[in-house]
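Inspection log for the structure reproduced underneath, given as structure tokens.
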Amino acid sequence: MGNENIAPGIEKKPLSMIVNGKKVGPLEVPVGMPMIDFLHHYLNLTGTHFGCGQGVCHACTVVEVRPDGSLVDTRTCIANAHAFDGKTIITIEGQAKTDADGNITELTPIQRAFIEKFAFQCGYCTPGFVAGATAFIDGLKRKPIRRAELEGAIEEALNEHICRCTGYVRYYEAVRDVALATPGCVIG
């Protein structure tokens, strides 16, 4: 059974975007389908997790690449898939570098720091934290902050991400380490 039969009788319209560096579409997708469902059911990208379904927990967050190249974290459980038409996103599956066979060859600095700090416990919220932290570090590269402001900036950037296992301290420590180790993110 192809994807065209997932929702017979429901209004569909074409959807195209770039996901993890690959052009997707145009695919006929039901109008009103949440982006997280599109990722799961059409692209088999299940690393982005469904949490609250109300946009509160941020487990469903992916990285959106804006036209100017800047990165923002975007929730997928409350966003209609068609709101991403023509956009570029990076899911957790697209963060690390892989070889031609799909084997991971290099983790991102955020992923390495999360592992080194054992920032996650159950790991359910981790994809959302990776997306949020990735967008945060990108923002610091574009607009560095003073060292004295770093802790508050991390808390502000990741404050809405919920970790039911309460791994916040280790997540924040990992992000701080990456910010301090990345040239141009922190001044003074």
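Some observations on this one:
- The lone exception for ASP101 - which of (1) in a loop (DSSP other than H, G, I, E, B); (2) within 21 Å of VAL130 (Cα to Cα) it fails: (2)
- Residue in the range 138-161 that is in contact with an Asp or Glu (Cβ under 8 Å, 6 or more places away or on another chain) and closer than 25 Å to LYS22 by Cβ present: no
- Filter result for ILE110 (in a loop (DSSP other than H, G, I, E, B) and within 17 Å of the chain's Cα centre (by Cα)): no
- Enumeration of residues in the range 127-176 that are within 20 Å of ILE92 (Cβ to Cβ) and open to solvent by 60 Å² or more (accessible area, probe 1.4 Å): GLU160, ILE162, ARG164, TYR168, ARG170
- Any hit, the range 154-166, residues being touching a Leu at 6+ places or on another chain (Cβ under 8 Å) and of a type outside the set (Lys, Arg): no
- Looking only at the range 42-69, residues that are open to solvent by less than 20 Å² (accessible area, probe 1.4 Å), touching a residue at least 60 places away in the same chain (Cβ under 8 Å) and more than 15 Å from ASN20 (Cα to Cα) come to 3 in all.
So that you can scan it fast, the table gives a plain yes or no per residue for (1) more than 22 Å from GLU93 (Cβ to Cβ); (2) surrounded by fewer than 17 Cβ atoms within 10 Å (Cβ to Cβ); (3) in the same structural domain as GLY86 (by the TED database); (4) at pLDDT 95 or above:
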residue: SER16; (1), (2), (3), (4): no, yes, yes, yes
residue: VAL19; (1), (2), (3), (4): no, no, yes, yes
residue: GLY32; (1), (2), (3), (4): yes, yes, yes, no
residue: MET35; (1), (2), (3), (4): no, no, yes, yes
residue: LEU39; (1), (2), (3), (4): no, no, yes, yes
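Let's see how each residue does on (1) within 16 Å of the chain's Cα centre (by Cα); (2) among the hydroxyl-bearing types (Ser, Thr, Tyr); (3) modelled with pLDDT under 95:
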{"residue": "THR46", "(1), (2), (3)": "yes, yes, yes"}
{"residue": "HIS49", "(1), (2), (3)": "yes, no, yes"}
{"residue": "HIS58", "(1), (2), (3)": "yes, no, yes"}
{"residue": "ARG66", "(1), (2), (3)": "yes, no, no"}
{"residue": "LEU71", "(1), (2), (3)": "yes, no, no"}
{"residue": "ILE78", "(1), (2), (3)": "yes, no, yes"}
{"residue": "GLN95", "(1), (2), (3)": "yes, no, yes"}
{"residue": "ASP101", "(1), (2), (3)": "no, no, yes"}
{"residue": "PHE118", "(1), (2), (3)": "no, no, yes"}
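- For the range 86-113, a residue qualifies if it is of a type in the set (D, E, K, R) and either farther than 24 Å from GLY139 by Cα or open to solvent by less than 50 Å² (accessible area, probe 1.4 Å) (or both), and the qualifying residues are ASP99, ASP101.
The values are calculated or read from the model by the stated rules, or taken from the named source; none is laboratory data. Since we're looking at a predicted model, the values are computed, not measured. In this analysis, Cβ positions are derived from the backbone assuming ideal geometry, glycine residues included, and neighbour counts consider all displayed protein chains. We work out accessible area using only protein heavy atoms, side chains counted, and drop any ligands, DNA or RNA first. Shrake-Rupley method; radii C 1.70, N 1.55, O 1.52, S 1.80 Å.
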